[in-house]
Structure formats: C-alpha cells, structure tokens
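What follows is a set of notes on a single structure, which appears directly below.
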Amino acid sequence: MASIKDHKSHELGLHQEVLTGRTQQVFFNPEEGEKFYYHDSYDVDFNKRTTIDVKKLDCVAVNKKIKALIKKGYGTIVLKNPGAKHSLGVGILNKLNLIVEGSLGYFGVGSIDGPVVRISGRVGWSCAENMMAGKVVIEKNAGSCFGAAIRGGDLICKGSVGARTGIDMKGGTIIIGGDAGAFTGFMMQRGRIIILGDVGINLGDSMYDGTIFVGGEIGSYGSDAVDSELTSSDQDWLKRKLKVAEIGENFDVSKMKKIVAGKKLWNYDNLEPTEKKGAI
C-alpha cells in the first residue's frame, strides 16, 4: 500500500508551504473526552435563566450577548421582541435552551450544534440552515428553504412551510405539521422528511438518497423520486418520532406515502462529457 507521501499532491509540492497562525486541524483520541467538544464550549446550568430584549439591538449584538451569557453558565436564554430580525441565534455550538418569544426573519438559528430552540412565532427563509445537532420547534409557519443542508437534529414546524424544504439536506429529520411547497426534498442526500399535510409539485426532485413521508396529497413527483413500500418498521418509527416531536401524535401513519430515490441518476457521473451534454 502506498504511503501518504506517495500521493501526487506531494509531488506537486502542495505540502511544502509554511503556514502561519493556529491550525484548525483537531485530532481526536477516544480517551480524551474533552476534545470531542468545540473550542469555547462551556458547561451551562439550564436552571440559570436570563432574558435579552432584542428590540433595540442588531443581530451581531444579540448573537454576541448569547455567547457571552453561555460563557457565564446560563443554560436558558429568552429573546424578547425579536421583531422578525434576520440571522438571530446563529452559530450556537453549545448546549442551550433558547426561547424566542415572537418571529424570526431570514437565516434564523443557522449552523447550530446542540441547542434546543423554541420559537413561538413564524420564521423566514432558510431557518436552521446547516444545523448539525439539536432541536428546533416553530409554532407557526416557515418560509422557503426550511432546513436547507441540515446534517442532523430534529427540525419541527407545526404550521406550513414554503418551497424547497430540506434542499440538499444531508441528515437529520424535518417534520411539518401542515403543508409543504414545491420542490420539497430537492437534491436531498440523506435524512428524513415527514409532512402530515399536502405537498406541492416536484417532490423529491433529483434526490440522491433519504426518505420522504407524506400524509396528504402530492402535487407531482420530481425527477427520480419514486414510491416505496411503507413497512411496519417505518410506521413504528413514525409513531415514535411524532410522539417525541409533540406533533401529530394521533395521526394515522399507516396511510402515509413513502418516497425514495429511484437511483436512476446515480450513473450520471459515469457518463462521458459528450453523453452528459445529451443527458441535460
């Protein structure tokens, strides 16, 4: 077996550059538990609670306050008067109970890993984009691109959502209590989407993998999205998931439709350039 130094990148001199500054590489050792946490990750007390009035603050100031309070050990933070401001609560890489009393604008609570977020109002486009772990619950409706590119965790909207929900998602679970718009599950790679209501046109278009469950009517199927058998294991999982999510607990999951990738597009990368031109 060839060594790492035999790789062509070494021949090209790509590893000879002298880098300055702190490396971002982290090497994990199972015996060193502390290295499984992020740098600047803190122990918090969920009983230690405080409030931030967002009314006269911009998103940068609010997000800095949240991180400063986490550093002080606060485990429950309430945001009052959010006023549908954009980009609130982003980049939280810590355990935390975040309660939003009102609505968020675009890109709310994006790139989070660990917190439990409850939002009493609505959210705009791209809520919880690139979420890695945790739980986000929205009591009302959500805009387009809900849960774009999420990698893990549970994202729950008790109302309806816009178009392209779960676009490019790579893991985790998205649960919708109402309806979902067009191109739901577009280019999804992993994960599961549960929709208790109806869904728009082009469901699961160009999905690579993952599973979509729909309780209502489907506008149309996207390219390479196909029906699959709803097994007893699927039904058991759906019942457990909906119960834990505190949404649709009494929903008849036996009537749900299961949609998966037909995998006919998986051979696209194996085509020659001239064949690709004809396939587009």
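Observations
- Complete set of residues in segment 120-133 that are more than 18 Å from ARG164 (Cβ to Cβ), in a loop (DSSP other than H, G, I, E, B) and out of contact with any Ser or Thr (no Cβ under 6 Å at 6 or more places or on another chain): SER120, MET132
- Test: residue in segment 80-87 that is buried (at least 23 other Cβ atoms within 10 Å of the Cβ) and either on the phi > 0 side of the Ramachandran plot or assigned to a strand (DSSP E or B) (or both): no
- When restricted to residues that are crowded, with 16+ Cβ neighbours inside 10 Å and either in a loop (DSSP other than H, G, I, E, B) or among the basic types (Lys, Arg) (or both), segment 54-66 contains 3.
- Some residue of segment 106-122 being among the small types (Gly, Ala, Ser) and touching a residue at least 40 places away in the same chain (Cβ under 8 Å): no
- Checking ILE175 against (1) on the phi > 0 side of the Ramachandran plot; (2) outside any loop (DSSP other than H, G, I, E, B), the condition it does not meet: (1)
- Top-ranked residue in segment 134-159 [being of a type in the set (Gly, Ala, Ser) and in a strand (DSSP E or B); ranked as surrounded by the fewest Cβ atoms within 10 Å (Cβ to Cβ)]: GLY134
- Whichever residue in segment 97-119 is buried (at least 24 other Cβ atoms within 10 Å of the Cβ) and assigned to a loop (DSSP other than H, G, I, E, B) and, among such residues, is farthest from the chain's Cα centre (by Cα): LEU104
Computed from the coordinates by the stated procedures, all read-outs in this text should not be read as laboratory data. Please read all numbers here as calculations on a predicted model, not as lab measurements. Neighbour counts run over all protein chains shown; Cβ positions are idealised from the backbone, glycine included.
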